[in-house]
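The values are calculated or read from the model by the stated rules, or taken from the named source; none is laboratory data. Keep in mind the model is a prediction, meaning the values are calculated, not measured. Every residue, glycine among them, receives a Cβ derived from its backbone with ideal geometry; neighbour counts consider all protein chains shown.
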Amino acid sequence: MAIVIGVVGPHDLVDQVAATCEEQPGLSALRLDYDHESQAPAIVEAHATSVEGWLFTGIVPYMLSRDADALTRPAAFVDYTGATLLSALVRLQHQGVDVTRLSIDTLSAADVTATFAEAGLPTEQLRTLPYRPEMTSKKAIAFHRRGPAHPVITCLSSVYEALRDDPHVLRLAPSTHSVRVALRQLLLTAEGQAQEDAQIALGLIEVENDEGLLREAAALGGTVAAFRGGTHLLVTTRGPLHDATVGFTGLPLLARLAGQNQVVRVGFGLGRSAAEAESLARRALARARRIGDVAAVLSLRADTDIVLESVPTGPAGEQNLSVIARRVGLSVPTLEKLLEARDAAGDEPLTTREIADRLAVQQRTARRMLHRLELAGLAERTGNLTSGSSGRPLTLYRLTL
């Protein structure tokens, strides 16, 4: 079965990069082009389940997607420095352009200087606008038009389209070598994550009433069976367990089972084989027994144990916020503000923008918080609301913490 790589960028570059990717046996490319770099995060989110990795045609769509927390798969971008920039300089020289007087965006000043030094060219009259998170195509266009007229080298299709009627404007296109280097890096990262996610996770669960165990196992993408001595065995892999525990910081199923049982102890072992995972699960369960009646422990290789704390039983309003805060990686004051937002909304769901406004944070920060709560079973998505602008739709959440 072929590995699917999502290639994101402007139409012409996507086709070029995808064609190079598909030279690799056992790999297919999903071509996803945009009209403007700002569309990249929405494209990535819409196709996240269709690919094993992302390859961006440049650093800008990659950074926009990363900063929007849209990347849930391994990702890489094609670098335009070195041979790519040098090739552009040769083309401009053939056109009679003075390449010692250029206006260059996106590339770092250090990379530009290094390339010019290798070519034996001076750099005193170069103008560079390195990529920064706050950089936009409008700012790049204004940079190129400011000051003395310089021939332009841009990495952004939107900037090229705006300046294409000006003389001597060149958009960098990735070299085949640069694409192959980026693809090799991406495949190594994807393979490493796939091997890690495929690690066997075995859970030994001591519980009086096994009602709900099948549902919990299904949520973890695994199966459950009777073990020995009244203990139940839950079998899954590292990836689903990592997601369900919010990066191994908590175990929501423990709180749900504790609502029906006085004693719930869980020991998870993570190993490269079933035998290793079972041995580690036994160690984890033994430690959970020492902790108390409601406890969960994850044991890893190299004698590493992680205590997954539970939420005390009782009504949601009586839960210990400090415990929840440790589980989801948020502060107690932040959780208190979220509770205030939930109470003010009543039964109505809240948008990510409303949460961001109430907490005085950026929307991407609010999305990250809500994602953590969702993984912990403390928030649920109820749909999307069109924002009324060209931006992404706003996700609706109902807080259940």
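Things worth noting here:
- Filtering segment 2-39 to residues that are touching an Asp or Glu at 6+ places or on another chain (Cβ under 7 Å) and free of Cβ contacts under 8 Å to residues at least 40 places away in the same chain leaves HIS11, SER28, ALA29, ARG31.
- Residue in segment 266-273 that is polar (S, T, N, Q), surrounded by 15 or more Cβ atoms within 10 Å (Cβ to Cβ) and either in the same structural domain as PHE227 (by TED's automatic domain parsing) or in contact with a strand residue (DSSP E or B) (Cβ under 7 Å, 6 or more places away or on another chain) (or both) present: no
- Single match in VAL51, VAL44, VAL60 (criterion: under 28 Å from LEU126 (Cβ atoms) and of a type in the set (A, V, I, L, M)): VAL60
- Segment 104-122, residues that are in a helix (DSSP H, G or I), in contact (Cβ under 8 Å) with a residue 12 or more places away in the chain and more than 27 Å from LYS139 (Cα to Cα): GLU118, ALA119
- Cross-chain or 6+ apart pairs with Cβ under 6 Å, segment 46-74 first and closer than 22 Å to GLU22 by Cα and in a helix (DSSP H, G or I), then at pLDDT 90 or above and among the charged types (D, E, K, R): PRO61/GLU37
- Residues located in segment 333-377, provided they are under 11 Å from TYR397 (Cβ atoms) and of a type in the set (Gly, Ala, Ser): ALA341, ALA345, ALA366
- Some residue of segment 49-63 being touching a Ser or Thr at 6+ places or on another chain (Cβ under 9 Å), more than 24 Å from ASP165 (Cα to Cα) and among the acidic types (Asp, Glu): no
- The condition of being modelled with pLDDT of 90 or more and out of contact with any Phe, Trp or Tyr (no Cβ under 6 Å at 6 or more places or on another chain) holds for only one of ARG180, ARG215, that being ARG180.
- Selection over segment 79-103 of residues that are closer than 18 Å to PRO148 by Cβ and either among the hydroxyl-bearing types (Ser, Thr, Tyr) or assigned to a strand (DSSP E or B) (or both) gives a count of 2.
- For the residues THR223, THR231, THR249, the requirement of being hydroxyl-bearing (Ser, Thr, Tyr), in contact with a Gly (Cβ under 8 Å, 6 or more places away or on another chain) and either surrounded by fewer than 22 Cβ atoms within 10 Å (Cβ to Cβ) or in the same structural domain as ALA325 (by TED's automatic domain parsing) (or both) singles out THR249.
- Residue that is surrounded by the most Cβ atoms within 10 Å (Cβ to Cβ) [pool: residues in segment 166-210 that are assigned to a strand (DSSP E or B) and of a type in the set (A, V, I, L, M)]: ILE205
- Counting residues in segment 10-17 that are in a helix (DSSP H, G or I), outside the structural domain of ARG146 (by TED's automatic domain parsing) and at pLDDT below 90 gives one or more.
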